Amino acid sequence: MTKVIRTRFAPSPSGFLHVGGARTALFNYLYAKARGGQYILRVEDTDQERSTPESERIILDSLKWLGIIPDEGPDEGGDFGPYRQSERLNIYSKYTDMLLEKNLAYPCFCTEAELEQMHEAAKRLGVPNIYDGRYANLPREEAQARIKKGEKYSIRLRVSGEEVVVQDLVQGKIKFDSRLIGDFIIVKSDGFPTYNYAVVIDDFEMKISHVIRGVGHLSNTPRQILIHNALSLPVPEYSHISEIVGTDKKKLSKRRGATSVLFFRDMGYLPEAFNNYMALLGWYPEDAAEFMPMAELKRKFDVARCSKSPSMFDFFLNENNPEPEDFKPEDMNEAELKKMVNKKTKLNWLNNKYIRTVSMQDLWPEAARFLEKDKGLSAMIKKDQKRMIEIYDRVRMYLDTLEDAVPFFRELLKDRVEVESKEAADLIKPEEAKNVIAAFAELVRAEKPSTPEQFADIMKQAGVKTGAKGKGLFMPIRIASTGSMHGLELPNLFAILGPEQVLARIAQLGAG
Ligand code: GLU
């Protein structure tokens, strides 16, 4: 019988969900889904000082927005719950009793001050901070008596000094010398399990078959394997995925709020595009495809094809224009950050592709959220939603983000058109330009075009009539109808505006 694949994402609720964490969640989700398995969400909140319910909410909401929905988790429940570590303390103590009973672990009465001293001494000598075993052989009765008296204690696992081998699906085979680890704490003096200890018990209890997580956790793995061995529990398959770096090659975690998943939601990225982009951070499929909707990712993803080398998050600036040394996104507000966004990032390319291909029905609720931020546009949606949806359908091919739609709509629906600059005004003054505009206006009046193709044809006809070509043809028409030298593709813009509006704009600018 083949083993059921069960993966998990195990965030510590002490901040936002960042791109790195979200990618870990995605890889776990995809790996399980690609193999008919289950994906579990577990909240690791044993660090009492750093965990907050607000952070847990933000992480869970971010994952929901991405559509990375667990089969089991704090909101979903499941057969192996609870799915919050702080609610599982009785489970951990069962295992601790067993380890104490078998003398595989022991109480350690070192005070904070003593531990600090050992740490300092190791640092001074430049050697690893290995516990000296001062309580390893304390007679059981004595330990019991001290506990009874109310003395504070932690619990340490006995480490015999064997070699520990991590077999990793991404990193390969890595050997660790456990003599450099020493007896380590599995239960803290506040009674809470340490991260390494809780992870092992939960992964076993929740029947996790594959652990996929950031390479930063690789150094924790030998400790976890030692705990698995002491408890005679099977070891899961490990995959430690590469680090994500910015274009400055520095760790992404330095960018803090700037890489929070919600930042991307609020900028108008679609979850499908964001997942697609994240999937390509450190992984690529055999056929080297890049545009892959979730259903395709779920079919294709394999952790064995993940790269060992760091992957680059090119969202801010790019390779030719790297982030400057003093780039401090954590000190910047959202508006400042947006100015640093690399317009040519793969994320924008993907987002545009999704914006233009998803059904309008699915897109509209998300799209409207951004338009409604503008008072004028919000009023127009209330008045004639159907028309706004029709317009959206025509402009969406030009959008990198849903937020981009706002200036587009403002341009399309403005009451008054004004020539934006002297340079633009000068371009419609010469006789040739005036002739082009007049010929164009006359053709529009006579033929009443309505589709982009019909408008394109009319522009061509105006060119034939006047002998104007290229820029000499379209620039006067553009300025006469929009007041601007840049903007939407004219035939598309005209089709959205309709012939009357186009003529009204030209008349208003006195150009026709
Ligand atoms: N709770 C750990 C973290 O947030 C992850 C633990 C794991 O995946 O083993 O980094």
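The values are calculated or read from the model by the stated rules, or taken from the named source; none is laboratory data. All figures in this text were calculated on a predicted structure; none of them were measured in a lab. Because the Cβ atoms are built from the backbone with ideal geometry, glycine has one as well, and the counts that use them run over all protein chains shown.
Here is a yes/no grid of residues against (1) assigned to a loop (DSSP other than H, G, I, E, B); (2) of a type in the set (D, E, K, R):
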position	(1), (2)
Met118	no, no
Gln144	no, no
Glu151	yes, yes
Arg179	no, yes
Ile186	no, no
Val211	no, no
Ser219	no, no
Please verify whether Arg445 is modelled with pLDDT of 95 or more, of a type in the set (Lys, Arg) and in a helix (DSSP H, G or I), treating the condition exactly as stated. yes
Which residues, taken from region 399-428, are under 30 Å from the mean Cα position of the chain (by Cα), buried (at least 17 other Cβ atoms within 10 Å of the Cβ) and closer than 20 Å to Ile479 by Cβ? Phe408
When you scan region 208-242, how many residues do you find that are away from the ligand (no atom under 13 Å from the Cβ) and either within 22 Å of the chain's Cα centre (by Cα) or closer than 20 Å to Ser12 by Cα (or both)? 1
For region 4-20, which residues satisfy the criterion of being under 19 Å from Met294 (Cα atoms) and within 12 Å of the ligand (Cβ to nearest atom)? Thr7, Arg8, Phe9, Gly20
Among the numbered conditions (1) modelled with pLDDT of 95 or more; (2) surrounded by fewer than 21 Cβ atoms within 10 Å (Cβ to Cβ); (3) touching an Asp or Glu at 6+ places or on another chain (Cβ under 8 Å); (4) in a loop (DSSP other than H, G, I, E, B), tell me where Pro11 comes up short. (2)
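Which residue, of Pro234, Pro193, Pro222, Pro271, is touching a residue at least 12 places away in the same chain (Cβ under 8 Å) and within 19 Å of Ile68 (Cβ to Cβ)?
Values: Pro234 fails: within 19 Å of Ile68 (Cβ to Cβ); Pro193 fails: within 19 Å of Ile68 (Cβ to Cβ); Pro222 fails: within 19 Å of Ile68 (Cβ to Cβ).
Sole residue among the options that is touching a residue at least 12 places away in the same chain (Cβ under 8 Å) and within 19 Å of Ile68 (Cβ to Cβ): Pro271.
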Considering only residues of region 162-192 that are touching a Ser or Thr at 6+ places or on another chain (Cβ under 6 Å) and within 16 Å of the ligand (Cβ to nearest atom), which is nearest to Glu237 (Cα to Cα)? Leu169
Scope region 379-423; condition acidic (Asp, Glu), part of a helix (DSSP H, G or I) and in contact (Cβ under 8 Å) with a residue 12 or more places away in the chain; matching residues: Asp393, Glu403, Asp404, Glu411, Glu423
Could you please tell me which pairs satisfy a Cβ distance under 6 Å, a separation of 6+ or placement on different chains, a first residue in region 281-301 that is surrounded by fewer than 16 Cβ atoms within 10 Å (Cβ to Cβ), and a second residue that is β-branched (Val, Ile, Thr) and assigned to a loop (DSSP other than H, G, I, E, B)? none
Kindly indicate the residue of region 33-76 that is in contact with a strand residue (DSSP E or B) (Cβ under 9 Å, 6 or more places away or on another chain) and polar (S, T, N, Q) and also nearest to Asp266 (Cα to Cα) among those meeting that condition. Ser62
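Can you list the helices (runs of 4 or more DSSP H) found entirely within region 449-512 that contain at least 3 residues being surrounded by fewer than 21 Cβ atoms within 10 Å (Cβ to Cβ), among the charged types (D, E, K, R) and at pLDDT 95 or above? Step through it out loud before you land on a result.
Working: elements: 452-466, 470-482, 490-497, 499-508.
Those helices (runs of 4 or more DSSP H) span 452-466.
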Lone qualifier among Phe204, Phe192 - being surrounded by fewer than 19 Cβ atoms within 10 Å (Cβ to Cβ), touching a helix residue (DSSP H, G or I) at 6+ places or on another chain (Cβ under 9 Å), within 20 Å of Gly73 (Cα to Cα) and among the hydrophobic types (A, V, I, L, M, F, W, C): Phe204
Hey, can you tell me all the residues within region 120-142 that are surrounded by 13 or more Cβ atoms within 10 Å (Cβ to Cβ) and in a helix (DSSP H, G or I)? Ala122
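Matching residues to (1) touching a residue at least 60 places away in the same chain (Cβ under 8 Å); (2) within 16 Å of the ligand (Cβ to nearest atom); (3) surrounded by 24 or more Cβ atoms within 10 Å (Cβ to Cβ); (4) of a type in the set (Gly, Ala, Ser):
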| site | (1), (2), (3), (4) |
| --- | --- |
| Ala22 | yes, yes, yes, yes |
| Leu26 | yes, yes, yes, no |
| Lys33 | yes, no, no, no |
| Glu44 | yes, yes, no, no |
| Ser55 | no, yes, no, yes |
